[in-house]
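These notes concern the structure reproduced below.
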Amino acid sequence: MADTGTLPYKASPVSPLAPDRRYLARKFHGRFMAGLITVAALVGVSVLWLILGYVIVRGAPAINLDFFTQRPLPYGEVGGGIAPSITGTLLILAVAALIGVPVGLGCGIYLAEYGRGSVVEVIRFCSDLVAGVPSIVVGVFVWALLVRHVVGNFSGIAGAVSLAIIMIPIIVRTVEAVLLLVPYTLREAALALGVPKWRVVISVVLPSAKAGIITGLVLAIARAGGETAPLLLTTLGNQFFSWNLLEPIGAIPIQLYNYAVAPYPDWHTKAWGAALVLISVIGVLSTLARVATWGQSR
Amino acid sequence: MTMSEQVPGTHNATQPVPDRNNATTGTAGGHWMQVRDVAAYYGDRMAISEISMTIKPRSTTAIIGPSGCGKSTFIRCLNRMHEVGLGNNRVTGSVLLDGHDIYGRSIDPVQVRRYIGMVFQRPNPFPSMSIYDNVVAGIKLTRSPSRTELDETVERCLNQAALWDEVKDKLKASGASLSGGQQQRLCIARSLAMQPHVLLMDEPCSALDPIATYKIETLINELKRQYTIVIVTHNMQQASRVADETAFFLAGEERIGKLVEFGPTNQLFTNPTDPRTEAYITGRFG
């Protein structure tokens, strides 16, 4: 009880702020829940580090200059690398992005800026359905369409198309979500100046959402870059360098798969190495995107 | 640019909307609007109805009324912003600019908004653009102006908006770095850059402190020598300070906003003809 000095008031005998039992119970409850979600967060993040650490430990022995520059050698021969798969993956991803990014971006912009009412609902639902289709089913579809008929054989372009199909729904959803985050007042401000709607979208809305859009694109490309099942059915893989999109082309996931299912310990190490390279390629792409949008909001 | 540069001419109601590049010539005596039996809907719900009034050239017309009476909805009908929002918003009736219906069959809403500018309740400069680019955003996004024209426009409009002296040394700074009141004046400058015939202001001071409000009000009194201004305000003192004419809106039980009384500001505040107007201005409701 504090001294009230010359004040004409007396201090109350019990502080009105004294903690009671219910307060203590609430406090304990709060701490307990905070602890639980902290553990959940740690578990979530540690999974990433466990995978990364294990891949590095197992894959590092396979990494050397030859691994990046040589083509795979038959079992029994020492050395060799996965260079055709690296160039193949980059080529297939680039072509897939060339197809998937414009379509996904356009569709996302349509949903956020132009679509109205039930049309939006239908498109969004279909896009979600495509996102939910197992990637091997996408592979079977493209195999039936392109490998069996239009192109006539296993080919890089068929792989790119199947990866584009996997990318599109991811791009659509992230682009739509990011554009809807742009405050409506910005569009209003531009429209009230007599700026045509298409110009508002291109010059005001898209620049405001640039960072988020690029993040979405990178996510989609990274996701597609790791797909194996559709590539097995479409590009088949290739032990030799090939830039011909109408022929089978190597890809890191396929090479990884082939190494992993073989009975040779040396190839298993190379599979881990391929996994490490795959993760690194995706990590580099993500970092580049981050740097490109450095310092921008979101 | 000042009023003295306006070349006199005769107003002709049958002439089409004048060319913007010719806007300095203008129509002698400024631009007028007439609202004829306008109703506005949000989907199926009617928000305002049976509104008719004439907006005099080179004057300030205030729209007052309690919350939910359709003031903002109405002013957004004057430059076809009402139909912009998602959903099925529509307007019936007609709104004339210098005698020509802005809801006419062949009229592009985009074109209407170039001539009838709008300043919003919350200052909304483009956050990713500099002060300079904010002022000329409308010009840059609608045509390809020369560097000289841009520089001239920036200085002229910032001067007109009474902001030039405060920002002339930091034109490359972000528009978002300004105070709220400065941002709102920047938004006014941005509208003026399009050389509009009419300037609509939707509660432009409601997010500002009294000093910033005073500056905007002074500005409005300055701008009306050249522009036709319509301002929505929930502040009756503000209406009496800036407006030549005032319209009182009120929504009844059915929540449809209607025009109760419209007339010279002095008369409406000192000698209202409608008992509801009197009740509102004496603070008995709303």
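The values are calculated or read from the model by the stated rules, or taken from the named source; none is laboratory data. Computed from a predicted structure; not experimentally measured. Positions of Cβ are generated from backbone atoms using ideal geometry, with glycine treated the same way; all protein chains shown enter the neighbour counts. All accessible areas refer to the heavy atoms of the entire protein, side chains included, with ligands and DNA or RNA removed. Shrake-Rupley method; radii C 1.70, N 1.55, O 1.52, S 1.80 Å.
Inter-label distance, A:Asp66 to A:Leu24: 7.1 nm, where each label sits 7 Å from its Cα along the C-beta direction.
In angstrom, the C-alpha Rg and Dmax of chain B are 18.6, 56. Helix B:147-160 axis versus longest C-alpha principal axis of chain B: approximately 40°, rounded to the nearest ten. Normalising the average separation of contacting C-alpha pairs (under 8 angstrom, six or more residues apart) by the number of residues puts the relative contact order of region B:178-286 at 19 percent. Of all complete DSSP H helices in chain A, those with a Cα span along the helix axis of 30 Å or greater and a mean Kyte-Doolittle hydropathy of 0.5 or more are A:21-59, A:83-109, A:156-181, A:265-292. Give the carbon-plus-sulfur fraction of the accessible surface of region A:162-298 in %, rounded to a whole number; probe 1.4 Å, heavy atoms of protein chains only. Whole-percent figure for carbon plus sulfur exposure: 70. Residues B:Val135, A:Val47, ordered by accessible area of protein heavy atoms at a 1.4 angstrom probe radius and largest first, appear as A:Val47, B:Val135.
Roughly how tilted is helix B:131-142, in degrees to the nearest 10 and between 0 and 90, from the longest Cα axis of chain B? Tilt relative to chain B: about 80 degrees.
Sparsely packed loop sites in region A:1-48 (the chymotrypsin sites (Phe, Trp or Tyr not before Pro) outside DSSP H, G, I, E and B with at most 12 other Cβ atoms within 10 Å) comprise A:Tyr9. Shown for the protein assembly as shown is the translational diffusion coefficient from the Stokes-Einstein equation, using the Kirkwood radius over Cα pairs, a temperature of 37 °C and a viscosity of 0.692 mPa s: 113 µm²/s.
In this label model, B:Glu155 and B:Arg225 are separated by 2.0 nm, measuring between points 7 Å along each Cα→Cβ vector. Please compute the contact order of region A:85-292 in relative form: average sequence separation of alpha-carbon pairs under 8 Å and at least six residues apart, divided by the residue count, as a percent. Relative contact order comes out at 29 percent. Summing charges over neighbours of A:Asn238, with a neighbour being any other residue whose Cβ is under 14 Å away from its Cβ, gives 0 when K and R count +1 and D and E count -1. The residues of region B:31-281 expose, per residue, 39 Å² of accessible area to a 1.4 Å probe.
According to a simple spin-label model (label point 7 Å from Cα along Cα-to-Cβ), what is the distance in nm between B:Asn271 and A:Glu121? With each label placed 7 Å out from Cα toward Cβ, I get 5.8 nm.
Other residues whose C-beta falls under 12 angstrom from the C-beta of B:Tyr103 contribute a net charge of 0, scoring Lys and Arg +1 and Asp and Glu -1. Loop-located trypsin sites (Lys or Arg not before Pro) in region B:82-133 (DSSP state other than H, G, I, E, B) with a sparse environment of at most 16 neighbouring Cβ atoms within 10 Å: B:Arg105. Among beta bridges identified by DSSP and lying wholly in region B:31-281, the antiparallel ones come to about 60 percent. Under the convention that each Lys and Arg Cβ holds +1 and each Asp and Glu Cβ holds -1, the size of the dipole of region A:61-203 around its Cα centre is about 340 debye. Placing B:Val242, A:Val137 in order of accessible area, with the largest value first and a 1.4 Å probe, yields A:Val137, B:Val242.
Of the trypsin sites (Lys or Arg not before Pro) in region A:1-99, the ones in a loop by DSSP (not H, G, I, E or B) with at most 14 other beta carbons within 10 Å are A:Lys10. Buried accessible surface for the A/B pair, both sides summed and rounded to the nearest 100, is 1800 Å² with a 1.4 Å probe. Evaluated with a Cβ-only charge set (Lys, Arg +1; Asp, Glu -1), the protein assembly as shown carries a dipole of roughly 780 debye about its Cα centre, given to the nearest 20. Compared with the dominant principal axis of the Cα atoms in chain B, helix B:180-192 is inclined by about 80°.
Measuring nothing but protein heavy atoms, the accessible surface of region B:31-281 at 1.4 Å probe radius is 47 percent carbon and sulfur.
The mean sequence distance of close C-alpha pairs (under 8 Å, at least 6 residues apart), as a share of the length of chain B, puts its relative contact order at 25 percent. Residues whose amide H falls under 5 Å from that of B:Ile231, counting only those 5 or more places apart or on a different chain, are B:Thr61, B:Ala62, B:Ile63, B:Met201, with hydrogens built in the peptide plane. Treating the Cα atoms of region A:9-120 as identical point scatterers in vacuum, please give the log10 of the normalised Debye intensity I(q)/I(0) at q = 0.12, 0.14, 0.15 Å⁻¹, two decimals. Debye curve over Cα of region A:9-120, log10 I(q)/I(0) at q = 0.12, 0.14, 0.15 Å⁻¹: -0.87, -0.94, -0.96. Quotient of the Cα radius of gyration of region B:98-192 and 2.2 N^0.38 Å, N being its number of residues: 1.16. Neighbours of B:Glu83, meaning other residues whose beta-carbon lies under 10 angstrom from its beta-carbon, give a summed charge of +3 when Lys and Arg score +1 and Asp and Glu score -1. A full extension of the chain between A:Thr4 and A:Leu129 corresponds to an added length of 37.8 nm, given 0.36 nm per residue minus the alpha carbon distance.
The candidates A:His149, B:His234, B:His82, arranged from most to least accessible area with a 1.4 Å probe in the full protein assembly, appear as A:His149, B:His234, B:His82.
Chain A: percent of C-alpha pairs farther apart than 37 Å? More than 37 Å apart: 36 percent of the Cα pairs in chain A. Of chain B, which part is the longest with no GluC sites (Glu not before Pro) in a loop (DSSP not H, G, I, E, B) and with at most 13 other C-beta atoms within 10 angstrom? The longest such stretch corresponds to B:1-252. Contact-buried residues of region B:50-83, at a threshold of 50 Å² lost accessible area versus the chain by itself, are absent (1.4 Å probe; DNA, RNA and ligands ignored).
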